[in-house]
Amino acid sequence: MENELILRLIFFSSFLLTSISATDNGCRPASCGPREPVIRFPFRLTGRQPLSCGYPGFELSCNRRNRTIIRLPSSRSHLVNRINYVSQVIYIDPGFCQQKKINGFNLTDTPFEFSNIRSYIFYNCTYQNIGFMYPAVPFPCLSGKNYSVIAVRSVFTNQPVICEVIKAIDVPTRWNGDIKSELELMWFTPVCRGCELEGRGCGLKNEDGEIGCIGSSHGFPRSATYGLSLGIGVPVSVCLIGLICYAATRARNYSETRHQSMDLFSIGIIPQPSSRTGLDQTTIESYPKTTLGESCRLPTEDNTCAICLSDYKPKESLRTIPECNHYFHADCIDEWLKLNATCPVCRNTPESSSLVTPCSSTSTTSSLHSS
């Protein structure tokens, strides 16, 4: 009886832990620090994740300050600000101030491509405030006491009289940004957008290099799934080890009846938490709905739907998630929220999703007009 009880508990613990980590695939997300981007396929952190957890050319690393960096052949290292796995865009720091050099960007032999290229000319000017006299971007970090360094887009052909040309470069700026703000690079291979939209993992499925979705969709981002696995798996393992020891001691006492032994086994059965799915239609319709005006201006800088990757057009219906204020096409976000209870951009779970009831939910419709 003692051996039978111990074997049952060990089998149950193995089953529970295996079911919790079934979607792990041996590759856990990693990060250089608590405020750094979460790194998962196709990217991988060298030294912290195995080669099989990433795709060739997507290697990232951590510097001495625990910041995430990417190395480009033409411009050395750049800090990684954030990664949008749905849009397949990585946002990097230009790095002019860190490197104290003016380097262009050449993406040859890399998996990345420019999303929006702008040409800039760097000038060395004798007056420190010359940058404010032109449509220019000043760089105090590259300037000195008797001179200032500015950058002017090449579309402005008139060269400042008291300035000398340093260098002309092309940079992948955001469509609404400039050379000092974060730059963006896109990748088209491998394609994991579908897996990300479903809330599933993406990775190498076999040794032949086949890429596909891994695990099942539960409406949770992968980072939340791993956190849940760790938060549940460790306490359950400790409890089960204690129960096994307790069961062995109790089984040695022949005065205990078989009924008491079965009660002990029933204590060890801990039900798994139920999986969370998407939001109900009432909750989705409670999120504000907006009709875009002729100017296509939004309170935020994002004028592209992160789900279908199409620019917003006048008269289109948009819906926003109140907690994070991210906009999407109403049709796109409605379908997304039916399957996932998280924002597709920041992956935060709306707090109101657990509070809205059919009696209290309302739908807000507004219109953004040109200013």
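Just so it is clear, none of the values below were taken in a lab; they were calculated from the coordinates. Remember, it's a predicted structure, so these values are computed and weren't measured experimentally. Methodologically, a virtual Cβ is constructed for each residue, glycine included, from the backbone with ideal geometry; neighbour enumeration extends over all protein chains shown.
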Report task. Just add up the charged neighbours of VAL155: K/R +1, D/E -1, any other residue whose Cβ is under 14 Å from the Cβ of VAL155. Result -> 0
Report task. Would you be so kind as to identify which of VAL137, GLY104, SER52 lies farthest towards the positive end of the dipole of segment 39-141, taking Lys and Arg as +1 and Asp and Glu as -1 on Cβ and the Cα centre as origin? Result -> SER52
